[in-house]
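Scroll down for the structure; my scribbles are underneath it.
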Amino acid sequence: MNPDLVAKTDLLIVGGGLSGLAIAHWALKKEPTLDYLVVEGQGRSGGAVQSFKKDGYQGEWGPHGFLDNKPATLELLEDLDLWPEVQKAPLKEFGRYLCLKGRLCLVPQSPPTLIKSDLLSWWAKLRVLGDLFIKADSSEQSVSQWAQRRFGPQVLPFIDAALIGTYAGDLNRLSIDAVMPGLRAGEARYGSAIKAVVAQMRASKGQPRNLPQMISFKEGMERLVEQLAQGKKIRLNFQVEQLIYKEGGWLVKSGDQIIEAKRLVLALPIHQAHPLLAPLLAPPGPAPATAQIYNLLLGFGPEAKIPYGFGYLAPAKENRFALGSLFSSHMFVGRVQEGGHLLEVLIGGRRSPEKLELSDAELIEKTLADLKGLIELPNPQFVKVLRPQSAIPQPELGHKALIDWRDRLLKAYPNLEICGFGWDGIGINEVVQLAKKTALGLKISENQIKGVYL
């Protein structure tokens, strides 16, 4: 049976997550009369951005917030009239903790305080300065290889924690070129990572240097995608199976249905886009690996002795059960009943996918045993295990070949755009910024050194 042509449009956006919705927003802002359609394979739009509420507790299935240091995201909040709903958690007011040698240690957030702290030995601090004398090496390296060569092995737990908090990843597999492209470009230019950071600080002299703030919303992160989806033309439960290029446009197939489009934007996570793009041009290898994490919500009464701050992360060398925890009720008011506490504990990740096979009861038991070794906690009053289906693409060694493949695809198919979670970052700010550049037809380039915040 021949597939039915169910729609024709000038612009078809495949993927109704944050990327696809943001592209639709920016494209309509540029061209209000645009003939477009967004298709989404699931029964709801919004992708991984989804909030949870029950019995007075509020948590997140996916991302918990974003920093207020990217103009595109701030512009988006203005466009969506979301500023009245914003909640802010300033980094300068909330401590971040690292689990080291079985205890929580407050992490210094500036070079002077790091130098004064006892988290690194004096030899390790001197070894960090060795970066100034080590020649740049442009060969592809893992984050671990690169960091050890430039700064020495004692910095690895700090870097590991930062990558766990961002990617739930493995620093022995993640590519430094993909994770910190701006820093690598600076290293190549100045011959040193430290010199590159200093050069950027000098270039931004006179600009405010305050630490950014974490942003969420009173009703949770889902408000962002709810507002983006409002009034948009979205077709749900349209699971794309095949992209067919024909002169002058595209046929996009789902089951026995086809949509015809003049222009196509593939706004899917990189690991989902890979099998759809592979028939158009042979890829350099398999789809990238992913990491999946579960979120265990634990609600406590006022007697819980939770340190004041954002939360903690545990480097792999600590061999803890949990990757870390957000102290959500410290960060944002209204996440828990008055006087109570809420922890959102992250389980799994690239290194420990086997933990996700455990039952809810086993996850709860092992998590509580782990946390009670670090924090003075009573038994919880509320427990919920969130098992999201979404996963985090891992920009591991070989990621550059995937980016080069994408560039060749864009040259081969001028009426195709590729934009989604994992191609050029995974944070909300990065996704929104890339969506804006894609919608406005700007060149994709990001050579600024990103700040790293535990």
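Only the coordinates and a few stated rules stand behind these numbers; no lab work does. What you see is a predicted model, and the numbers here were worked out from it, not measured in a lab. Ideal geometry is used to build each Cβ from the backbone, glycine not excepted, and the neighbour counts take in all protein chains shown.
Normalised by the number of residues in the chain, the average gap of Cα pairs under 8 Å and 6 or more apart makes the relative contact order 27 percent. Residues whose amide H comes within less than 5 Å of that of residue 66, counting only those at least five positions distant or on another chain, are 215 (H built at 1.01 Å from N in the peptide plane). Available extension along the chain between residue 412 and residue 133 is 96.1 nm, counting 0.36 nm per residue and deducting the alpha carbon span.
For every other residue with a beta carbon closer than 12 angstrom to the beta carbon of residue 37, add +1 if it is Lys or Arg and -1 if Asp or Glu, then tell me the sum. Before the final figure, lay out the partial values.
Details: positive: 8, 232, 233, 235, 262, 263; negative: 10, 35, 40, 260.
Local net charge: +2.
For region 145-250, which GluC sites (Glu not before Pro) are both in a DSSP coil and crowded by at most 15 other Cβ atoms within 10 Å? Filter output for region 145-250: 219, 241, 247.
With N residues in region 305-454, what two-decimal value do you get for its Cα radius of gyration over 2.2 N^0.38 Å? Display every interim value, and only then the final one.
Working: Rg = 20.0 Å, N = 150, 2.2 N^0.38 = 14.8 Å.
Dividing the Cα Rg of region 305-454 by 2.2 N^0.38 Å gives 1.35.
Scan the chain and report its longest stretch carrying no trypsin sites (Lys or Arg not before Pro) that are both in a DSSP loop and have at most 13 other Cβ atoms within 10 Å.
Counting only loop sites that pass the neighbour cut-off, the longest clear stretch is 210-442.
Taking one quarter of the surface of the C-alpha convex hull of region 25-82 gives a mean projected area of 6.0 nm². Residues within the reach of a label modelled at residue 360 (point 7 angstrom out along Cα to beta-carbon, backbone nitrogen below 11 Å), restricted to region 366-391, are 383-387.
Could you tell me which of rounded, prolate or oblate describes region 65-139, using a ≥ b ≥ c as the square roots of the eigenvalues of the alpha-carbon gyration tensor, with rounded for a/c under 1.5 and, failing that, prolate when a/b is larger than b/c and oblate otherwise? Oblate, because a/c is 1.5 or more while a/b does not exceed b/c.
Residues whose amide H comes within less than 5 Å of that of residue 352, counting only those at least five positions distant or on another chain, are absent (H built at 1.01 Å from N in the peptide plane).
Please work out the Kirkwood hydrodynamic radius for the chain, using every pair of different C-alpha atoms, and report it in angstroms with one decimal place. It would help to have the intermediate numbers written out before the result.
Details: mean 1/r = 0.0428 Å⁻¹.
Taking the inverse mean of 1/r over all distinct Cα pairs, the chain comes out at 23.3 Å.
Length gain on complete extension for the stretch residue 42 to residue 203, per 0.36 nm per residue less the alpha carbon to alpha carbon distance?
Working: separation 161, 0.36 × 161 = 57.96 nm, distance 4.53 nm.
Stretched fully, the residue 42-residue 203 segment lengthens by 53.4 nm.
Evaluating 6.51 cos²θ - 1.76 cosθ + 1.60 at θ = phi - 60° for every residue in region 42-54, the Karplus couplings come out as 8, x, 9, 8, x, x, 6, 7, 7, 9, 10, 9, 6 Hz, glycine and proline recorded as x. Sorted largest first, the principal axis extents computed over the alpha-carbon atoms of region 38-162 equal 53, 37, 28 Å.
Among the chymotrypsin sites (Phe, Trp or Tyr not before Pro) found in region 1-104, not one is both in a DSSP coil and sparsely packed, with 16 or fewer other Cβ atoms within 10 Å of its Cβ. Shown here for region 295-377: GluC sites (Glu not before Pro) in loop regions (DSSP other than H, G, I, E, B) with at most 12 other Cβ atoms within 10 Å, namely 303, 338. Near the amide H of residue 242, within less than 5 Å, lie the amide hydrogens of 253, all on another chain or at least 5 residues away, with H placed in the peptide plane. Bins of 5 Å, beginning at zero and ending with the bin holding the largest distance: percent of Cα pairs per bin for region 110-203, please. Taking every Cα pair in region 110-203, the percentages come to 3, 14, 22, 25, 23, 13, 2.
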